[in-house]
Amino acid sequence: MDKLQAHVLQGKREKIKFGLSANERESDIQKCLVYVIRKGTPIISDAGTEGEGMELPDFEIDTMITLKEGIKAHKNRDYEKAWKCFEYHALNGSAYAKYWMGYYL
C-alpha cells in the first residue's frame, strides 16, 4: 500500500493496458463487408440525369410578420394585421401571442 501511495504522490498514474480493440481483431471481416456493400450497391450519382423526370408541385409558403411587428401594428391601430399575426403565432404555441389575442377578446 505504501508503494502505491508513494507512486500516486509523485504525480504518476497506473498504466492500464487494453487488449486489441474490436476494430483491430475484426479488420478482415470489416474489409469483406466493405467489399460486399460496395459491390451490391450501385453507384447512383450520374451527372447527366440530374434533375430529369422530377416534377415539383406549385405551392406557396405563407409568410407572417414577427410578433414584435404585430405589436407595432397594434400600436399603429392596424388591428386586422395585428390580429392575424397574433392568431398565427398563437397557433404555433406562443404564449405571448395568446396573451395579445386575449387582449382583443
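Readers should treat all values here as calculations from the given coordinates under stated rules, not as data from a laboratory. This one's a predicted model, so the numbers in the text were calculated from it and none came from an experiment. Every residue, glycine as well, gets a Cβ built from its backbone with ideal geometry; the counts of neighbours run over all protein chains shown.
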Where labels lie 7 Å past Cα in the beta-carbon direction, separation of residue 56 and residue 4 in nm
6.7 nm
Expected output is a single nm value to one decimal: the length gained when fully extending between residue 69 and residue 34, i.e. 0.36 nm times separation in residues minus the C-alpha distance. What is it?
7.1 nm
Please list, or write none, the lysines whose alpha carbon is within less than 18 Å of the alpha carbon of residue 68, excluding same-chain residues fewer than 8 places away.
81, 84, 98
Between residue 92 and residue 16, what is the spin-label point distance in nm, taking each point 7 Å from the Cα along the Cα→C-beta axis?
4.8 nm
Under 27 Å Cα to Cα from residue 3, which lysines show up? Leave out anything in the same chain fewer than 8 places away.
12, 15, 17
